[in-house]
């Protein structure tokens with residue numbers, strides 16, 4: 001059991017120390033880091049001297065900024081299966097144990113020492129089809145084949161869907177193991193597989209959505225569709241990496257300590273926090289445009305962990321590129337994020353109320369721009385090689401209905 005961790009913001013910049021005693025978790029900033037004046041989590045872990053004790057059980061008595069380093073869903077399942085295979089009961093693991101496993105491979109810039117690592121078991125070249133088949137067997141509890149390879153490739157990732165963190169060549173023809181050092185001609189990407197509940201065409205659907213979102217003015221990372229023998233896999237370039245430089249990332253849920261599994265937050269809250277954190281009205285407009293897009297494209301899995309912020313080396317914050325943008329039903333067929341209190345049937349009236357409350361000028365123009373792009377859904381679904389049946393189903397049942 002790990003009782004103490006040293007936390008780093010960069011390889012050489014010590015952030016502070018995490019420790020646990022009597023089932024309580026404590027943190028103290030490093031004295032030299034305090035001199036930088038950089039706030040890595042201004043609302044729940046403000047930069048100041050002294051010992052902090054976490055009395056908030058939202059994330060198992062761990063601060064949100066550190067919880068953002070931990071996997072959930074798929075990644076947590078892999079870690080639990082791995083420890084079970086080693087004879088360790090996952091329920092005995094503390095948050096510090098799990099952070100030690102994430103080590104330097106977690107999302108964002110934070111890293112933790114000492115680090116528990118799995119032996120390198122991956123070949124340089126990756127077979128996505130084999131990994132997909134194994135991921136489905138693991139989800140169904142039928143097999144643990146390639147468990148350690150999947151763990152090494154995707155054990156630090158968040159979200160419910162199986163995924164792997166890899167390097168992809170600039171020509172998109174090679175997918176290799178996600179080593180700590182970037183290979184020449186490659187960049188860091190995330191490749192997503194279907195879950196047991198997803199449609200077989202989910203990769204093409206999400207790729208079509210990404211193309212549509214970019215055309216609608218949504219800031220997104222580069223995306224591509226990788227083709228296997230029988231499946232297509234959606235891939236997105238990681239925005240928490242710039243070459244081998246790690247970028248500090250903090251989710252909306254982590255910033256305010258909100259359990260993303262419950263629909264307790266509103267786009268009103270997200271826009272307010274964006275202005276307070278970034279001090280930039282242009283960043284607020286980015287969030288509003290994304291809220292418009294999510295409404296009209298029936299993206300109802302818009303929970304608080306699906307929105308993040310990035311911090312640069314000077315401590316300046318910006319709204320992160322959009323991610324997990326795809327058709328979804330949401331919990332109870334409602335949006336996870338409310339629109340001025342409405343989750344089930346939000347409409348243009350709620351968007352205009354939201355815009356007025358946050359002094360967003362020309363909101364009607366933004367709404368119209370997004371709607372006009374969505375009406376061109378067929379173009380994007382054709383590029384993604386989505387079947388005509390699925391394309392028509394989405395267009396008829398979700399997009400047009402949302403535009404009425």
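All of the numbers you see were taken from the coordinates with simple rules; none came from a lab. Note that the coordinates shown come from a computational prediction; the quantities given were computed from them, not determined experimentally. Every residue, glycine among them, receives a Cβ derived from its backbone with ideal geometry; neighbour counts consider all protein chains shown.
Working note: Debye formula, equal point scatterers on the alpha-carbon atoms of the range 289-355, no solvent; log10 I(q)/I(0) at q = 0.17, 0.19, 0.23, 0.28 Å⁻¹ is -0.62, -0.74, -0.97, -1.26.
Specify whether the C-alpha gyration tensor of the range 128-242 places it in the rounded, prolate or oblate class, a ≥ b ≥ c being the square roots of the eigenvalues: rounded for a/c under 1.5, otherwise prolate if a/b is larger than b/c and oblate if not. Taking the square roots of the gyration eigenvalues as a ≥ b ≥ c, the range 128-242 is oblate. Here the contact order of the range 245-403, divided by its residue count and restricted to Cα pairs under 8 Å and six or more residues apart, works out to 26 percent.
Bridge orientation summary for the chain: considering DSSP beta bridges with both residues in this region, about 95 percent are antiparallel. Test of understanding: extend the Cα→C-beta vector of residue 184 to 7 Å, then name every residue of the range 226-244 with backbone N under 19 Å from that spot. Of the residues in the range 226-244, 243-244 have backbone N under 19 Å from the label point off residue 184. Binning the alpha carbon pair distances of the range 220-281 at 10 angstrom intervals from zero yields the distribution 16, 30, 34, 17, 3, expressed in whole percent. In the range 33-98, Rg over Rh equals 1.08, where Rg is the alpha-carbon radius of gyration and Rh the Kirkwood radius from pairwise Cα distances.
When the helices of the chain are scored as -39500 (n - 2.57) per DSSP H run of n ≥ 4 and the total is divided over every residue, the value at 222 nm lands at -9500 deg cm²/dmol.
Calculated on the Cα set of the range 1-142, radius of gyration then Dmax: 16.9, 52 Å.
To the nearest Å, what is the center-to-center distance of the range 321-395 and the range 26-48, using C-alpha atoms only? For the range 321-395 versus the range 26-48, the Cα centre distance is 38 Å.
Note: relative contact order over the chain, using C-alpha pairs below 8 Å and six or more positions apart, is 14 percent.
Over the chain, with a single point scatterer placed on each C-alpha, what log10 of the ratio I(q)/I(0) does the Debye formula yield at q = 0.07, 0.09, 0.12 1/Å? Normalising to I(0) and taking log10 leaves -0.32, -0.55, -1.00. Highest average first, the peptides 20-26, 303-309, 194-200 ordered by how many other beta carbon atoms sit within 10 Å of their residues are 303-309, 194-200, 20-26.
If you take the square roots of the eigenvalues of the alpha-carbon gyration tensor of the range 201-250 and sort them as a ≥ b ≥ c, do you get rounded (a/c under 1.5), prolate (a/b over b/c) or oblate? Before the final figure, lay out the partial values.
Numbers: a/c = 2.97, a/b = 1.44, b/c = 2.07.
Note, shape of the range 201-250 comes out oblate.
The order of the peptides 70-80, 291-301, 347-357, 246-256 by mean Cβ neighbours within 10 Å, most packed first, is 291-301, 246-256, 70-80, 347-357. Using a cutoff of 8 angstrom between alpha carbon atoms and counting only pairs six or more residues apart, the relative contact order for the range 4-113 works out to 28 percent.
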